Amino acid sequence: IFRERKNKKPSLDETSFEDAVSPLVALDENTFSALQKLITLLTDASLDSRNFDSFEFRKISIDVNDAVVRFIRDMFSILDPSRVHKLAMVYFARFVTKQGKHWN
């Protein structure tokens, strides 16, 4: 997602900017930590091998995983990009294993 700031000066009869881009949201550390934990829990749940026993559970796991990816993608329009990159790394870190254990 590319953000474009429009530098438009209002005219006398114009009171709002319809094409203005809202500023990025800054999260406090507690909220950002909770968001990281949520992504970790959802990703781990969708990767759990017990979810692949039946086609229905497998489909739900795939849908949850897709929703997490789309959520992280959509965060680029709301949060500071460095924070979203951190969330993406938290997500991808759940796929990396060493000796059968997830890296943290």
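Data overview
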| read-out | value |
| --- | --- |
| Residues located in the stretch 43-75, provided they are assigned to a helix (DSSP H, G or I), closer than 15 Å to Phe95 by Cβ, open to solvent by less than 70 Å² (accessible area, probe 1.4 Å) and in contact (Cβ under 8 Å) with a residue 12 or more places away in the chain | Thr43, Asp44, Ala45, Ser46, Leu47, Ser61, Val64, Asn65, Val68, Val69, Ile72 |
| Scope the stretch 22-42; condition touching a residue at least 12 places away in the same chain (Cβ under 8 Å) and in a helix (DSSP H, G or I); matching residues | Phe32, Leu35, Gln36, Ile39, Thr40, Leu42 |
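The values are calculated or read from the model by the stated rules, or taken from the named source; none is laboratory data. Nothing here was measured: the structure is a model prediction, and the numbers come from that model. Cβ: placed from backbone, ideal geometry, glycine included. Neighbour counts: every protein chain shown. Remember, those area values only see protein heavy atoms, side chains included, never the ligands or the DNA or RNA. Shrake-Rupley method; radii C 1.70, N 1.55, O 1.52, S 1.80 Å.
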